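Participant: After the structure tokens below, expect a handful of questions from me.
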Amino acid sequence: MSDNNEKYPDWKNDFPISQSETTSVTRRQFAKFLCLVSGGLATGSAFVAAKSVLSPDKKIKGAHRVCSITELPVGGTRSFVLEGSTTPYILIHLENGEFKAYEQKCTHLSCAVFYKPGSGKIECPCHNGWFDAMTGEVLQGPPPRPLPRLDVQVKGNDIFVAAAKEEA
Amino acid sequence: MSTFRRAQSQAHPNKTSTLMLAIIVLLILNVTIQIWLLYSGLNNALAHNSGIAFPAFIASLVIFIINCWLLYYLPRSRQ
């Protein structure tokens, strides 16, 4: 196409970068890029460490009323958030009469989880993850940890939740 | 005048390539370990097990320093 003897146009002198330099990555550049990625990962680890040391999760203090027993039929669920927090929770009225409360965020990728009435299981529809509604343990699927749990107390006609006691 | 280094480079033209490849393999290996460290640190921090995050960060930082040190040994680009 272009004749070597032909004088380069002015714009080519203004951008003296050949096409091969812009499209090919040398091994040196790749090695430097890997080092940059390594720095990014170290920074990410620093962020995780700083966040876990400097701002540990706030503990839930006291008992919070969610609803009355009559508002929650057997097999029903009710979502709620605690005051001063944006974390969603679900209160479940199991078929055996017990009440259970869990965080409504799947421990895999934080999708909302739902109780499947009659099955005794909590389902995460995003990636087919299943949790035991009695304990919050993972039954199946990609979630790496059990669902965080709240203690449920029934006082008279009202249902209260409080922070789960640490298990030994 | 030819020097020892120049003669060596001419005698073993593949040497630069081997060295470069070895460094890149080491870098990829180190980055893989760092991904694993970040993953386990984050997962444990989310599971209220914050004791893992800080040692994972220290290990990741040490690997990053090693990676920077490895860059020093990259063969010079051909002029």
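Participant: Return the sequence-ordered ³J(HN,Hα) values of segment A:8-23 in whole Hz as given by the Karplus equation 6.51 cos²θ - 1.76 cosθ + 1.60 applied to θ = phi - 60°, using x for Gly and Pro.
Facilitator: Karplus values, whole Hz, x for Gly and Pro: 5, x, 4, 5, 5, 5, 6, 10, x, 10, 6, 4, 5, 5, 7, 9.
Participant: In chain A, if the dipole is taken from +1 on Lys/Arg beta carbons and -1 on Asp/Glu beta carbons about the Cα centre, which of A:Ala42, A:Thr26, A:Gly141 is farthest to the positive end?
Facilitator: The one lying farthest along the dipole's positive direction is A:Ala42.
Participant: Quick one: dipole size for chain A, taken about the Cα centre, charges +1 on Lys/Arg Cβ and -1 on Asp/Glu Cβ, in debye to the nearest 20.
Facilitator: 380
Participant: Just list whichever of A:Lys116/A:Lys165; A:Lys51/A:Lys165; A:Lys61/A:Lys121; A:Lys51/A:Lys116 have alpha carbons separated by over 31 Å in the model shown. Display every interim value, and only then the final one.
Facilitator: Numbers: A:Lys116/A:Lys165 26 Å; A:Lys51/A:Lys165 24 Å; A:Lys61/A:Lys121 28 Å; A:Lys51/A:Lys116 35 Å.
Over 31 Å apart, Cα to Cα: A:Lys51/A:Lys116.
Participant: Whenever you get a sec, line up A:Phe15, A:Phe33, A:Phe80, A:Phe131 from highest to lowest accessible area (probe 1.4 Å, protein heavy atoms).
Facilitator: Working: A:Phe15 140, A:Phe33 110, A:Phe80 25, A:Phe131 0 Å².
Ranked from most to least accessible, the order is A:Phe15, A:Phe33, A:Phe80, A:Phe131.
Participant: Mind listing the long-range amide H neighbours of A:Gly76? Cut-off is under 5 Å, sequence gap 5 or more, other chains count too, H placed in the peptide plane at 1.01 Å from N.
Facilitator: When sequence neighbours closer than 5 places are left aside, the close amide H contacts are A:His93.
Participant: Pop out the carbon and sulfur fraction of the accessible area of the protein assembly as shown as a percent, whole number, probe 1.4 Å.
Facilitator: Whole-percent figure for carbon plus sulfur exposure: 60.
Participant: Right, another one. Per DSSP H run of n ≥ 4, the term is -39500 (n - 2.57); total these for the protein assembly as shown, divide by its residue number, and report the mean residue ellipticity at 222 nm rounded to 500 deg cm²/dmol.
Facilitator: Computed mean residue ellipticity for the protein assembly as shown: -13000 deg cm²/dmol.
Participant: Next question. If the rule is a partner Cβ under 4.7 Å, which cysteines in chain A fail it?
Facilitator: Flagged as lacking a Cys partner: A:Cys35, A:Cys67.
Participant: Skipping prolines and chain starts, which residues have an amide H placed within reach, meaning under 5 Å, of the one on A:Tyr115, given they are 5 or more residues away or on another chain?
Facilitator: Close amide H contacts, sequence-distant or interchain: A:Glu123.
Participant: Using the Karplus equation 6.51 cos²θ - 1.76 cosθ + 1.60 (θ = phi - 60°), what ³J(HN,Hα) coupling, rounded to whole Hz, does each residue of segment A:125-133 give in order, writing x for Gly and Pro?
Facilitator: Result, rounded to whole Hz: x, 4, 10, 6, x, 10, 10, 6, 5.
Participant: So what is the accessible area of chain A per residue, in Å², with the probe set to 1.4 Å?
Facilitator: The answer is 65 Å² per residue.
Participant: Using only protein heavy atoms and a 1.4 angstrom probe, determine the accessible area buried between B and A, summed over both sides, in Å² to the nearest 100.
Facilitator: Numbers: alone 6720 and 12080 Å², together 16570 Å².
That pair hides around 2200 Å² of surface in total.
Participant: Sticking with this one: Taking the 0 to 90 degree range and rounding to the nearest ten, how far is the long axis of helix A:27-54 tilted relative to the main principal axis of chain A, both from C-alpha atoms?
Facilitator: 30
Participant: Keeping all protein chains in position, work out how much accessible area A:Ile90 exposes to a 1.4 Å probe, and write it in Å² to the nearest 10.
Facilitator: Accessible surface of A:Ile90 is approximately 10 Å².
The values are calculated or read from the model by the stated rules, or taken from the named source; none is laboratory data. The structure presented is a predicted model; accordingly, all values stated were derived computationally and were not measured. Neighbour counts are summed over all protein chains in view; Cβ atoms, including those assigned to glycine, are modelled from backbone coordinates with ideal geometry. Remember, those area values only see protein heavy atoms, side chains included, never the ligands or the DNA or RNA. Shrake-Rupley method; radii C 1.70, N 1.55, O 1.52, S 1.80 Å.
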